[in-house]
Amino acid sequence: MNLTGLETFLSIVETGSLVRAAEKLHVSQSTITTRLQTLEREVGAPLMVRQKSGVELTPAGRRFQRHAIVMVELWDQATQDVARPGSVDVVCSIGSHVDLWPGPGRAFFNAIRAGHDNAAITVTSGDQAEIERLLRSGLIDVAFTYEVAVHHNQTIRALPVERLLLVSDRMDSPMRFDPKYIYVEGGEDFRRRHAATYSDADTARISFGHASWALDEILTNGGSAYLPERLVTEHLAARRLHLVANAPEFTRNAYVVLSERAAEWEWLTPLLP
């Protein structure tokens with residue numbers, strides 16, 4: 001199995017057709033077809049079904065897709081590692097949940113830059129599932145995450161518990177039945193406690209999967225939402241946002257996870273938040 005075949009397969013998936021994949025890779029359609037057929041013979045199963053509207057992944061193709069992504073990413077990481085300058089003595093790959101980058105993720109990044117001149121740093125952000133996938137495949141060394149699935153030889157450290165505060169762009173925003181209330185995903189525990197606390201409330205008209213996106217929406221168009229305290233402190237001080245009176249608070253746990261390799265770096269531990 002070669003890298004070209006994997007990249008071709010992923011290009012077909014991304015573009016939705018052999019024709020568009022050929023245009024993207026600047027090769028003929030017959031070349032794309034040959035590469036795909038070769039890959040399917042090596043895998044031992046058909047990966048795609050060709051249709052008039054494009055292509056559709058077979059069940060085997062859907063299972064193979066995630067492995068193809070990991071293999072291409074590992075190759076990219078390997079080539080970057082080998083090609084690094086002689087002055088670089090370590091490559092540290094950081095993965096951070098979108099909402100944990102402003103705060104612990106960024107602070108850790110800054111600490112490496114300030115305290116370890118010979119480190120090359122790569123940073124990837126994503127949702128919970130993406131961070132978990134990167135950890136499991138060995139593509140990141142340090143992960144900032146809200147949930148952990150324990151794997152062999154990983155080191156898990158708890159970060160300070162986050163306070164989730166109900167904030168609004170209006171001083172007189174109601175605690176209940178605010179028509180501009182935005183629901184922000186805060187994990188399973190938050191969903192359960194939020195539902196119990198506001199059992200009589202209507203479903204929010206707008207929902208966001210990330211607190212940072214909801215914050216931007218409120219600052220731009222107004223509204224109220226439960227957001228991490230560290231994201232809103234500056235805006236509360238500047239009176240761009242206001243705490244909603246008498247609103248209950250919630251909390252959310254967060255963690256930093258080290259791969260087996262990262263846990264052995266003596267220089268790294270003192271830099272962790």
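The values are calculated or read from the model by the stated rules, or taken from the named source; none is laboratory data. A quick note: this is a predicted structure, and the numbers were derived from the prediction, not measured. Neighbour counts run over all protein chains shown; Cβ positions are idealised from the backbone, glycine included.
If you go through the stretch 172-199 and keep only what is exposed (fewer than 12 other Cβ atoms within 10 Å of the Cβ) and more than 29 Å from the chain's Cα centre (by Cα), you end up with 172, 177, 179, 199.
Restricting attention to the stretch 117-174, which residues are modelled with pLDDT of 90 or more, within 18 Å of residue 103 (Cα to Cα) and not β-branched (Val, Ile, Thr)? Result: 143, 144, 146, 157, 158, 159, 160, 162, 163, 164, 165.
Residue check: residue 171 meets all listed conditions (1) in a loop (DSSP other than H, G, I, E, B); (2) closer than 21 Å to residue 144 by Cα; (3) not charged (D, E, K, R) but one, namely (2).
Does residue 42 satisfy the criteria of being among the charged types (D, E, K, R) and touching a strand residue (DSSP E or B) at 6+ places or on another chain (Cβ under 7 Å)? No, not satisfied. Residues that are in a strand (DSSP E or B) and either touching a Gly at 6+ places or on another chain (Cβ under 7 Å) or closer than 30 Å to residue 171 by Cα (or both) within the stretch 228-273 comprise 228, 242, 243, 250, 251, 252, listed in sequence order.
When residues in the stretch 149-171 are screened for being farther than 28 Å from residue 202 by Cβ and crowded, with 17+ Cβ neighbours inside 10 Å, 2 of them pass.
Checking the conditions here, which among 202, 216 is among the acidic types (Asp, Glu), out of contact with any strand residue (DSSP E or B) (no Cβ under 7 Å at 6 or more places or on another chain) and modelled with pLDDT of 95 or more? Just a single option satisfies the conditions, and that option is 216.
Note on the stretch 1-116: no enclosed strands (runs of 3 or more DSSP E) hold 3 or more residues that are modelled with pLDDT under 80.
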